[in-house]
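Worksheet for the structure shown next.
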Amino acid sequence: MTELLATPDAIRYEPDPRGWIGARRSVAEYYAARGASVDPDRVVLTASTSEGYALLFKLLCDAGDDVLVPSPSYPLFEHLANAECVRAAPHQLDFDGRWRLDSDELERVVSPRTKAVVVVSPNNPTGSVLTTDEVRGVADFCVRRGAALICDEVFADYPHRLPHIAQHAHRSNVTASSRSH
C-alpha cells in the first residue's frame with residue numbers, strides 16, 4: 001500500500017463513494033492471494049466495521065426485518081441494527097470446550113423476516129474460528145432461507161493457534177488467562 005500511495009494517481013482528486021480504486025484493487029489482490037476472485041469494482045471501502053455493518057443492514061433489510069448475530073460477539077450489533085430499524089436476533093454459540101456455531105440454533109431463531117446472518121471469525125471476544133463444516137452449514141442455511149451471509153473477518157490475519165499460557169506456567173494454580181489481538 002505504501003508504494004501505491006507514492007504514485008501520481010494517489011494525489012489526483014477523483015472522489016468515488018466506494019473508495020479510492022487503488023485501495024480497492026489492493027483489497028482484491030489480498031483476496032486473490034487467498035484464492036478468492038473479487039472484482040475491485042464490487043469492493044466498497046468504509047471508514048470502520050460499524051459503518052460497514054450499517055450500510056449492509058440498510059442495503060439488505062427493510063424496517064422491521066432481522067439479522068441473526070452471534071452471541072457472545074461484537075457488543076455493538078444490537079445498537080447498529082436498532083439505528084437502521086432492524087432487529088439483531090442473537091443465535092447462541094455453543095461451548096463444549098470450544099465455541100462453535102450450531103446450525104440447529106440458526107433454525108430455532110430464524111423468522112420470515114430474517115434477511116441476513118452475521119458470522120465473525122475469529123470471533124471477538126471468544127477467539128473462536130469457524131471450521132470448514134460450520135462455514136458450509138451456515139452457507140447452506142443462508143441458501144435455503146434466501147438470506148445474505150455477512151462475514152466479518154477483521155481478525156483473520158492474526159494467528160489462530162497461539163500457545164496456551166498454562167502450558168508455559170511454572171505454577172499449577174493458573175486458572176484463567178486472556179488474550180488480546
* Structure fact -> Listed by first then second residue, the pairs whose first member lies in the range 125-142 and is more than 16 Å from Asp104 (Cα to Cα), whose partner is of a type in the set (Gly, Ala, Ser), with beta carbons under 8 Å and at least 6 positions apart or on separate chains, are Pro125/Ser73; Thr126/Ser73; Ser128/Ser121; Val129/Ser121
* Asked: So which residues in the range 95-138 are more than 16 Å from the chain's Cα centre (by Cα) and of a type in the set (Ser, Thr, Tyr), if there are any at all?
  -> Ser103, Ser111, Thr114
* To do: Scan the range 41-55 residue by residue and report those that are within 19 Å of the chain's Cα centre (by Cα) and more than 29 Å from Pro75 (Cβ to Cβ).
  => Arg42
* Asked: How about the range 39-77: which of its residues are free of Cβ contacts under 8 Å to residues at least 12 places away in the same chain and buried (at least 16 other Cβ atoms within 10 Å of the Cβ)?
  -> Gly52
* Sort out which residues of the range 72-94 are among the small types (Gly, Ala, Ser) and over 13 Å from the mean Cα position of the chain (by Cα), and write them in order of number. => Ala81, Ala83, Ala88, Ala89
* To do: Please work out if Gly22 is under 23 Å from Gly137 (Cα atoms), of a type outside the set (Lys, Arg) and not assigned by TED's automatic domain parsing to the domain that holds Ser121.
  => no
* Going by the structure shown, is Gly19 surrounded by 14 or more Cβ atoms within 10 Å (Cβ to Cβ), of a type in the set (Gly, Ala, Ser) and assigned to a helix (DSSP H, G or I)? -> no
* **Matching residues in the range 6-33 - criterion: being modelled with pLDDT under 85 and either within 27 Å of the chain's Cα centre (by Cα) or acidic (Asp, Glu) (or both)** => Asp9, Glu14
* To do: Tell me, please, whether a residue that is surrounded by 14 or more Cβ atoms within 10 Å (Cβ to Cβ) and farther than 21 Å from Ala81 by Cβ can be found in the range 136-150.
  => yes
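The values are calculated or read from the model by the stated rules, or taken from the named source; none is laboratory data. Since we're looking at a predicted model, the values are computed, not measured. We place every Cβ from the backbone using ideal geometry, glycine too, and count neighbours over all the protein chains shown.
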